[in-house]
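Worksheet: the structure to be examined is printed underneath.
The values are calculated or read from the model by the stated rules, or taken from the named source; none is laboratory data. Not measured: the values here are computed from a predicted model. Cβ: placed from backbone, ideal geometry, glycine included. Neighbour counts: every protein chain shown. Protein only, heavy atoms only, side chains kept; ligands, DNA and RNA dropped before computing areas. Shrake-Rupley method; radii C 1.70, N 1.55, O 1.52, S 1.80 Å.
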Amino acid sequence: MRNGMTILKSLAAALAGLVLATPALAASVTINGAGATFPYPVYSQWAYAYQKETGTQINYQSIGSGGGIKQIKAGTVDFGASDAPLEVEELKAGGLIQFPLVMGGVVPVLNVEGVKPGDLRLSPELLADIFLGKITKWDDPRIKAENPSLKLPAQGITPVYRSDGSGTTWIFTNYLTKVSPDWAKTVGNDKAVQWPAGVGGKGNEGVAAYVQRIKGAVGYVEYAYALQNKMSHVLLKNRAGSYVAPTAETFQAAAANADWASAPGYYVVLTDQPGKESWPITGASFILLHKEQRKADVAQAMLSFFDWCYRNGNQSALNLHYVPMPEKVVALVEATWAKEIRAGGQPVWKK
Amino acid sequence: MANSSRQAVDPSVPGTKIEVKRRNFDPAFRWLTVSCGLLLLLAVAGIFVELLRGSLPSLEKFGARFLVSQAWNPVTGDFGALSSIYGTLVSTAIAMVVAVPLSLIIALFLVELAPPRVSSLVGGAIELLAAIPSIIYGMWGLFVFAPFMADYVQPFLERVSGGFILFSGAPMGIGMLTAGLILALMILPFITSVTRDVFLMVPAVVKESAYGLGSTTWEVTRKVTIPYGSQGILGACFLGLGRAIGETMAVTFVIGNRHEVSLSLFAAANTIASTLANEFTEASEELYLSSLIELGLVLFLLTFLIQLAAQYWLKRTRRKMGAGQ
């Protein structure tokens, strides 16, 4: 019995020592995040580089935007990530703020014999009608009218969509809802919708695989997947009426023309933006944080990480075919941090 | 306890000392087995209650219409399970129709006809097939098998059947038929391996007697081996069925994931398991999530019903065989 007590006492002493020692090791804070799958490649690369530089460990689990939103609301993670922005009311109800961290583009890709990357021109109406199942053959007169010089086969069109709920689908259907009243009325905008026609592949890789296997298929994937798989992308007519190709420049043009300053809660959707150079199906990926942070040191470390991403992460983002946020937007976001995020009543961000 | 065992021993018998040291573990052993059995029951009951609780919002909203509605619209919040149930049943049926006869033939070959060395070689290969993870079947199905189906099998079927409704539509390579065939390939090793063991258990005396009476191999197989092992074969089939009905990854890869009931086996479809795999992560609205959980409940009940049917069938064959003897 006596022996047991001594062991307990020494254990308690050891524990106390550990607890006391923790503040001294502030550099080894661990930050947990969860959410969107679309930005996962760039987030994990940033986290890796940041840990090597500062020792702060960032765990990001790409469980999907829905899961990320649920977990940040429940307070089981330090930050959540979502491809679709939350509405201002939902942010208020959860005591959250959101801001965009990185951008990307969604690209329609196809597999039609004799059609090379950038050959096919599509207007927004044509794209919507193809996915609505109204245009069913590649040699439809309406497609021919847009592409007078292109030889199109008399092949059936198989639209390919994402079978899993995804931010990519949210961005794509958001665009179609904006440009086609028919689409808005019969299908709508969500992370998963009731597709009028076609087949579903799981994940970007699933859609890419289906489009490559099925003759006459047309699908939509993240820009990086279109590049990696060397898929045939289309030229899309934007709001200004010019045909643009999907590139980092045209994504950035879409973001530059967006009005971030006057959007409460950064609720900005980058689809169908004005500007001659703007790629019309562009989207940002958002970070969600609690306004009231429980631990000042974790909050501080977390914001330092996001700040580092904005300032030092651009090249790795571009390498992975994501698009960094414009500096103007970064300044806005950091001002919001200073104003809104608090721990124990004290502002956390003081730059 | 030690006391009672000492009393039970007759001191006049030699070896008493050993007997005294023996402890009676029976009560403890019984307690252990009963509690393990109860734990299993408790887990099943717990899963059922939790599924039921999770699907309450959807049960309230849709009621019985959930089972017969083809709608699956996350935007308007209108959900129905018909296409998923249909896809689950049809893909499993295709798998069974293909896999069961093939497995029986392979097992018979291994037991009755093959030389021992060939038998052990093929037997090992079959067990290896059973150990392949389902995602590998899925990827192989998508990258190798689906193009083969699209280029050769589907056009052939369409031509031969003369555009019969089951075999009509664009030959995409993915869809219900491909999923069913992949499932067949996946459950084949299970059914074969169990059936082979069943056939091996048929007493040699019985078979040799039949041969002695002048029966041919075919007659011995049909009249002795198969009837003798019929219960075991049924058991093997339901093992395969159980795996096919809940298979997730491989099906998700090749079925085309479409919430629509289509008579054509070339068309894209979905199953309960594939719908769950696809949509669970991003279902953030309550009704959407609840509908997915109700799908899980439907699968749970479906499996339960099949189990019941299997047991009923087993009992019937047992009775029939008893009457025949």
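Here A:Asp259 sits with roughly 90 square angstrom of accessible surface, probe radius 1.4 Å. Tell me which of A:Gln51, A:Cys309, A:Leu288 sits at the most positive position along the dipole axis of chain A, charges placed on C-beta atoms (Lys, Arg +1; Asp, Glu -1). Of the candidates, A:Gln51 comes out farthest on the positive side.
Dividing the summed -39500 (n - 2.57) terms of all DSSP H runs of n ≥ 4 by the residue count of chain A sets its mean residue ellipticity at 222 nm at -12500 deg cm²/dmol.
Students sometimes get this wrong: rank A:Leu120, B:Leu157 by accessible area, probe 1.4 Å, all chains present, largest first.
On the way: A:Leu120 0, B:Leu157 45 Å².
Descending accessible area places them as B:Leu157, A:Leu120.
With a 1.4 Å probe and all protein chains left in place, how much accessible area per residue does the protein assembly as shown have, in Å²? All intermediate terms of the calculation are to be shown ahead of the outcome.
Numbers: 32710 Å² over 676 residues.
That works out to 48 Å² for each residue.
Compared with its chain on its own, the stretch B:125-144 contains the following residues whose accessible area drops by 20 Å² or more in the full protein assembly (probe 1.4 Å; ligands, DNA and RNA excluded): B:Leu142, B:Phe143. When both bridge partners sit in the stretch A:106-257, DSSP labels roughly 60% of those beta bridges antiparallel. Residues of the stretch B:74-103 falling in the label zone of B:Glu60, defined by backbone nitrogen less than 19 Å from a point 7 Å along Cα to beta-carbon, are B:77-80. Taking the DSSP bridge list for the protein assembly as shown and keeping only pairs wholly inside it, about 60 percent are antiparallel.
Computed from Cα positions, the angle between helix A:327-340 and the longest principal axis of chain A comes to roughly 40 degrees.
Note that the stretch A:178-192 has calculated 3J(HN,Hα) couplings of 6, 9, 10, x, 4, 4, 4, 6, 9, 10, x, 10, 6, 6, 9 Hz, one per residue in order, obtained from phi through the Karplus relation 6.51 cos²θ - 1.76 cosθ + 1.60 (θ = phi - 60°); glycine and proline are x.
Farthest toward the positive end of the dipole of the stretch A:106-257, out of A:Leu126, A:Ala248, A:Pro148, is the Cα of A:Pro148, where the dipole comes from beta carbon charges about the Cα centre. In the stretch A:167-190, burial by the other protein chains removes 20 Å² or more of accessible area from A:Val187, A:Asp190, compared with the chain on its own (1.4 Å probe, ligands and nucleic acids ignored).
Using a simple charge model, +1 on the beta-carbon of Lys and Arg, -1 on the beta-carbon of Asp and Glu, nothing else, what dipole does chain A show about its Cα centre, in debye to the nearest 20?
That gives a dipole near 540 debye.
Figure note: A:Trp260, B:Trp218 ranked by solvent-accessible area, largest first, 1.4 Å probe, ligands and nucleic acids not counted: B:Trp218, A:Trp260. The mean sequence separation of alpha-carbon pairs under 8 Å and at least six residues apart, normalised by the residue count of chain A, gives a relative contact order of 22 percent. Dipole magnitude for the protein assembly as shown: computed about the Cα centre from +1 point charges on Lys and Arg Cβ and -1 point charges on Asp and Glu Cβ, it is near 1760 debye. Buried surface for the A/B pair, taken as the accessible area of each chain alone minus that of the pair with a 1.4 Å probe, is close to 2300 Å² in total. Charged side chains reduced to their Cβ positions (Lys and Arg at +1, Asp and Glu at -1) give chain B a dipole of some 1480 debye around its Cα centre.
For the residues B:Leu301, A:Leu303, B:Leu314, a 1.4 Å probe over the protein chains yields an accessible-area ranking, largest first, of B:Leu301, B:Leu314, A:Leu303.
Return the subset of A:Lys144/A:Lys178; A:Lys137/A:Lys276; A:Lys116/A:Lys202; A:Lys144/A:Lys237; A:Lys191/A:Lys339 for which the Cα-Cα distance in this structure is over 21 Å, preserving the input order.
Details: A:Lys144/A:Lys178 24 Å; A:Lys137/A:Lys276 30 Å; A:Lys116/A:Lys202 25 Å; A:Lys144/A:Lys237 15 Å; A:Lys191/A:Lys339 32 Å.
In this structure, A:Lys144/A:Lys178; A:Lys137/A:Lys276; A:Lys116/A:Lys202; A:Lys191/A:Lys339 exceed 21 Å between Cα atoms.
For the stretch B:87-101, the Karplus equation 6.51 cos²θ - 1.76 cosθ + 1.60, evaluated at θ = phi - 60°, returns couplings of x, 4, 5, 5, 5, 5, 4, 4, 4, 5, 4, 7, 7, 5, x Hz by residue, with Gly and Pro reported as x. The HN-Hα couplings worked out from phi for the stretch A:227-233 by the Karplus form 6.51 cos²θ - 1.76 cosθ + 1.60 (θ = phi - 60°) are 5, 4, 8, 6, 8, 6, 8 Hz, whole numbers, x standing for Gly and Pro.
Can you tell me the FRET efficiency between B:Thr216 and A:Asn32 if r is taken as the Cβ-Cβ distance and R0 is 60 Å, rounded to the nearest 0.05?
Details: r = 70 Å, r/R0 = 1.17.
E(calc), rounded to 0.05, equals 0.30.
Residues of the stretch A:314-342 falling in the label zone of A:Lys92, defined by backbone nitrogen less than 20 Å from a point 7 Å along Cα to beta-carbon, are A:336-337, A:339-342. For the protein assembly as shown, give the percent of accessible area contributed by carbon and sulfur heavy atoms, probe 1.4 Å, rounded to a whole number. Looking at the protein assembly as shown in its full context, I get 63 percent from C and S. Accessible area per residue was computed with a 1.4 Å probe on protein heavy atoms; A:Lys73 scores about 90 Å².
Can you give the mean number of other chain Cβ atoms that lie within 10 Å of the Cβ atoms in peptide A:197-210?
For this peptide, the per-residue mean of nearby foreign Cβ atoms is 5.
Between the beta carbons of B:Leu129 and A:Thr336, assuming R0 = 60 Å, the FRET efficiency works out to 0.55 to the nearest 0.05. Across the stretch A:106-257, C-alpha contacts under 8 Å between residues 6 or more apart give a mean separation that, scaled by the residue count, equals a relative contact order of 37 percent. Taking the longest Cα principal axis of chain A as reference, the axis of helix A:296-312 is set at about 40 degrees. Interface burial in the stretch B:62-104 reaches 50 Å² or more for B:Val75, comparing the full protein assembly with the chain by itself; accessible area from heavy atoms with a 1.4 Å probe. Within chain B, the longest run free of trypsin sites (Lys or Arg not before Pro) that sit in a DSSP loop with at most 13 other Cβ atoms within 10 Å is B:24-325. Within chain A, DSSP assigns beta bridges of which about 60% are antiparallel (rounded to the nearest 5).
Around A:Ala299, under 12 Å between beta carbons, what's the net of Lys plus Arg minus Asp minus Glu among the other residues? Write out the running numbers ahead of the final one.
Working: positive: A:Lys291, A:Arg294, A:Lys295, A:Arg342, A:Lys350; negative: A:Asp78, A:Glu292, A:Asp297, A:Glu340.
Once all neighbours under 12 Å are counted, the net charge is +1.
Each of A:Gln57 and B:Leu67 was given a label point 7 Å from its Cα along the Cα-to-Cβ line. The distance between the two points is 5.0 nm.
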